[in-house]
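Visitor: First, the structure itself, so that you have it in front of you.
The values are calculated or read from the model by the stated rules, or taken from the named source; none is laboratory data. As the structure is a computational prediction, the values presented were derived from the model and not from experiment. Because the Cβ atoms are built from the backbone with ideal geometry, glycine has one as well, and the counts that use them run over all protein chains shown.
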Amino acid sequence: MSAGHHHQLYRPGDTVVHRLPPQCKLLAAAGFAVAVVATPRESFWAFAAYAVMLAAVAAAGRVPPGFVLRRMVIEVPFVVFAVAIPFIGLGERVEVLGVPLSVEGLWAAWNILAKATLGVVASILLAATTEPRMMLLGAQRLRLPQLLVQIAMFMLRYMDVIMDEMRRMRVARESRGFVARDARQIPVLAKSAGALFIRSYERGERVHLAMLSRGYTGEMPIIRDLSASLRQWGAAGLLPGLAAVTAVLSWSLS
Amino acid sequence: MTSHPVPSLEVSGLAYAYPDGTQALFGVDLVIGRGERVALLGPNGAGKTTLVMHLNGILTAGHGSVRVAGLDVRADTMKEIRRRVGLVFQDPDDQLFMPTVREDVAFGPANLGMRGAELDRRVRDALDRVGMLDAIDRPPHHLSFGQRRRVAVATVLAMEPEILVLDEPSSNLDPAARRELAEILRNLDVTVLMVTHDLPYALELCERSLILSGGVIAADGATRALLADADLLAAHRLELPYGFAVPAL
């Protein structure tokens, strides 16, 4: 737990963005993503406008650019995929630095890159200003099925416990001279994974007993009041609202 | 006890076999009066955990009955039974499943329908009784083991139980945490049944002890007298730690 007491995606703070109720932020991020995806790929100015909007949110939430950039690493697989498209794409070709590239492929790559990047940044900003458990409480308020919310909550709570267990098993293996060098060690690792699964399953049963013992009937009691005021909805609606206007304009102008 | 004619816990003729046919309890009889602190001693495999699971209806009696403050443990009384019997599990990570201490302690009373200021008062009061009020907004997995055990006790106290049932309360605690928990338990104004094989802990906290062995209550009496009887202990695979002796009175 040397990483401190917060989830690594979360950046504690007390800004307007942090204080907004989680359900408002969730809907805002989703609305923004829909607007971005609905924008025609030729409207470069619209994508620039989206980027400015996100920059404004980041500034309001005091999330530094470096923090966002580091977490964008998650996008790398998509980038690799997008970069490959112009090379393997068919149709009309254009020479760039002597390399023939597919025009349609270039457009497709740009489309994927621009939209994915905006979506990823929006998600990073959401995660940076909303604690993971608040996110789940917000999802619960948005009527996400109880069962899904509960499963995610337990995952959040028991992640560290299970990682700890995994670490102890690794130490126990290595203390007896085990080194994972090549494929021949895979059966040992597979058995460890199996044992970890059984242990977690049994813990699940014990936790369920503990829940039953305190009157659990299938629904998590809502302990925290998370209701949002109209003003808060209005503030959160700013981002998807502006994005929607941009999307509509980009269609009518194209 | 004369002013409270209804005992906190009455178990009579309780027998239970697991679905695979293993008989775990062969007719357990015991009565615990209100305000008593009683230790349930027994070797591993004696049926201690099976007995505990019957006290709040997680397992239901194959034979015999369990009554909590006069109320039978049955399907239709389960909700009230689970409020009356506060089970503290051995591993606090099993007991503390919510993201913060506050939400965890609130889980029980909220299930009973409590909300708002009343719920908040109940949570703070329970945490205060175990000296953990300062940790109210922390996630359970950032607390020390001893602190987690104390919060686990608070989660149950918040339901204002008739009887507190602790499964191996001293296990895995360092000496200081063990003593702190003892002080807390001693000052609680509630009936306690403590399942343990930590015999000195039983002697320290409980006037009376029961020995569960082979699925029946093999002995019931003053803790000091039971622990002084070396033959009795040996017959039930119980031993005082090296260097300890309890002089008979």
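Visitor: Exactly one condition in (1) over 22 Å from B:Arg237 (Cβ atoms); (2) of a type outside the set (Ser, Thr, Tyr); (3) surrounded by fewer than 20 Cβ atoms within 10 Å (Cβ to Cβ) is not met by B:Leu164; state its number.
Guide: (3)
Visitor: Suppose we filter A:Ile222, A:Ile198 for residues that are modelled with pLDDT of 90 or more and either outside the structural domain of A:Met53 (by TED's automatic domain parsing) or aliphatic (A, V, I, L, M) (or both); which single one remains? Quick ask: steps written out before the conclusion?
Guide: Values: A:Ile222 fails: modelled with pLDDT of 90 or more.
Going through A:Ile222, A:Ile198 in turn, the sole match is A:Ile198.
Visitor: Check segment A:180-192 and report whether any residue there is out of contact with any strand residue (DSSP E or B) (no Cβ under 8 Å at 6 or more places or on another chain), at pLDDT 90 or above and either facing chain B (nearest Cβ under 9 Å) or closer than 28 Å to B:Leu119 by Cα (or both).
Guide: Checking segment A:180-192: not a single residue is out of contact with any strand residue (DSSP E or B) (no Cβ under 8 Å at 6 or more places or on another chain), at pLDDT 90 or above and either facing chain B (nearest Cβ under 9 Å) or closer than 28 Å to B:Leu119 by Cα (or both).
Visitor: Among the candidates B:Gly146, B:Gly131, B:Gly113, B:Gly86, single out the residue that is small (Gly, Ala, Ser), under 27 Å from B:Val68 (Cβ atoms) and surrounded by fewer than 23 Cβ atoms within 10 Å (Cβ to Cβ).
Guide: Numbers: B:Gly146 fails: under 27 Å from B:Val68 (Cβ atoms); B:Gly131 fails: under 27 Å from B:Val68 (Cβ atoms); B:Gly86 fails: surrounded by fewer than 23 Cβ atoms within 10 Å (Cβ to Cβ).
Residue meeting the stated conditions: B:Gly113.
Visitor: If we only count helices (runs of 4 or more DSSP H) wholly inside segment B:119-206, which ones have 1 or more residues that are among the aliphatic types (A, V, I, L, M) and closer than 30 Å to A:Leu156 by Cα?
Guide: Details: elements: B:145-157, B:175-187, B:199-205.
Here the list reads B:145-157, B:175-187.
Visitor: Same structure again: Out of the residues in segment B:82-103 meeting the condition of being of a type in the set (A, V, I, L, M) and part of a loop (DSSP other than H, G, I, E, B), tell me which one is modelled with the highest pLDDT.
Guide: First, pick out the residues of segment B:82-103 that are of a type in the set (A, V, I, L, M): B:85, B:87-88, B:96, B:98, B:101.
Going one step further and asking which of them are part of a loop (DSSP other than H, G, I, E, B), we end up with B:96, B:98.
Working: B:Leu96: 92, B:Met98: 89.
Across segment B:82-103, the extreme among qualifying residues is B:Leu96.
Visitor: Please verify whether B:Gly70 is free of Cβ contacts under 8 Å to residues at least 40 places away in the same chain and more than 8 Å from chain A (Cβ to nearest Cβ), treating the condition exactly as stated.
Guide: Details: free of Cβ contacts under 8 Å to residues at least 40 places away in the same chain: no; more than 8 Å from chain A (Cβ to nearest Cβ): yes.
Considered against the rule, which asks whether it is free of Cβ contacts under 8 Å to residues at least 40 places away in the same chain and more than 8 Å from chain A (Cβ to nearest Cβ), B:Gly70 comes out as no.
Residue-by-condition table, conditions (1) out of contact with any Asp or Glu (no Cβ under 7 Å at 6 or more places or on another chain); (2) on the phi > 0 side of the Ramachandran plot; (3) away from every other protein chain (no Cβ under 14 Å):
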site: B:Leu119; (1), (2), (3): yes, no, no
site: B:Asp134; (1), (2), (3): yes, no, yes
site: B:Glu160; (1), (2), (3): yes, yes, no
site: B:Pro169; (1), (2), (3): yes, no, yes
site: B:Glu183; (1), (2), (3): yes, no, yes
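Visitor: OK, next. Determine whether A:Thr129 is under 27 Å from A:Met155 (Cβ atoms), crowded, with 17+ Cβ neighbours inside 10 Å and in contact (Cβ under 8 Å) with a residue 40 or more places away in the chain. Steps first, please.
Guide: Working: under 27 Å from A:Met155 (Cβ atoms): yes; crowded, with 17+ Cβ neighbours inside 10 Å: yes; in contact (Cβ under 8 Å) with a residue 40 or more places away in the chain: yes.
Yes, satisfied.
Visitor: Let me ask something else about it. Across segment B:99-110, which residue is surrounded by the most Cβ atoms within 10 Å (Cβ to Cβ) among those that are aliphatic (A, V, I, L, M) and at the interface with chain A (Cβ under 7 Å from one of its Cβ atoms)? First the steps, then the outcome.
Guide: Here is the first cut: in segment B:99-110, the residues aliphatic (A, V, I, L, M) are B:101, B:105-106, B:110.
Add one more test, that the residue is at the interface with chain A (Cβ under 7 Å from one of its Cβ atoms), and what stays is B:106, B:110.
Working: B:Ala106: 24, B:Ala110: 21.
That would be B:Ala106.
Visitor: Going by the structure shown, is B:Asp76 away from every other protein chain (no Cβ under 11 Å), surrounded by fewer than 21 Cβ atoms within 10 Å (Cβ to Cβ) and without any contact (Cβ under 8 Å) to a residue 12 or more places away in the chain? Walk me through how you get there before you give the answer.
Guide: Values: away from every other protein chain (no Cβ under 11 Å): yes; surrounded by fewer than 21 Cβ atoms within 10 Å (Cβ to Cβ): yes; without any contact (Cβ under 8 Å) to a residue 12 or more places away in the chain: yes.
Judged against the criteria, B:Asp76 is a match.
Visitor: Within segment B:41-67, which residues are part of a loop (DSSP other than H, G, I, E, B), out of contact with any helix residue (DSSP H, G or I) (no Cβ under 9 Å at 6 or more places or on another chain) and within 13 Å of another protein chain (Cβ to nearest Cβ)? I'd like the intermediate steps shown before the answer.
Guide: In the first step, residues of segment B:41-67 are kept if they are part of a loop (DSSP other than H, G, I, E, B); the result is B:42-47, B:56-62.
Those left that are additionally out of contact with any helix residue (DSSP H, G or I) (no Cβ under 9 Å at 6 or more places or on another chain): B:43-47, B:62.
Of everything in segment B:41-67, nothing turns out to be part of a loop (DSSP other than H, G, I, E, B), out of contact with any helix residue (DSSP H, G or I) (no Cβ under 9 Å at 6 or more places or on another chain) and within 13 Å of another protein chain (Cβ to nearest Cβ).
Visitor: Condition first: without any contact (Cβ under 8 Å) to a residue 60 or more places away in the chain and either within 21 Å of the chain's Cα centre (by Cα) or over 14 Å from A:Ala243 (Cβ atoms) (or both). Now tell me which residues in segment A:39-55 satisfy that.
Guide: A:Phe44, A:Val52, A:Ala55
Visitor: Restricting to segment B:229-249, name every residue that is within 18 Å of B:Leu210 (Cβ to Cβ) and touching a Pro at 6+ places or on another chain (Cβ under 8 Å).
Guide: B:His236, B:Arg237, B:Leu238, B:Leu240
Visitor: Hand me the list of helices (runs of 4 or more DSSP H) wholly inside segment A:80-175 holding 3 or more residues that are at positive phi and of a type in the set (Asp, Glu). If you could, list the steps in order and put the result at the bottom.
Guide: Numbers: elements: A:103-129, A:132-141, A:146-175.
Filter on segment A:80-175 gives an empty set.
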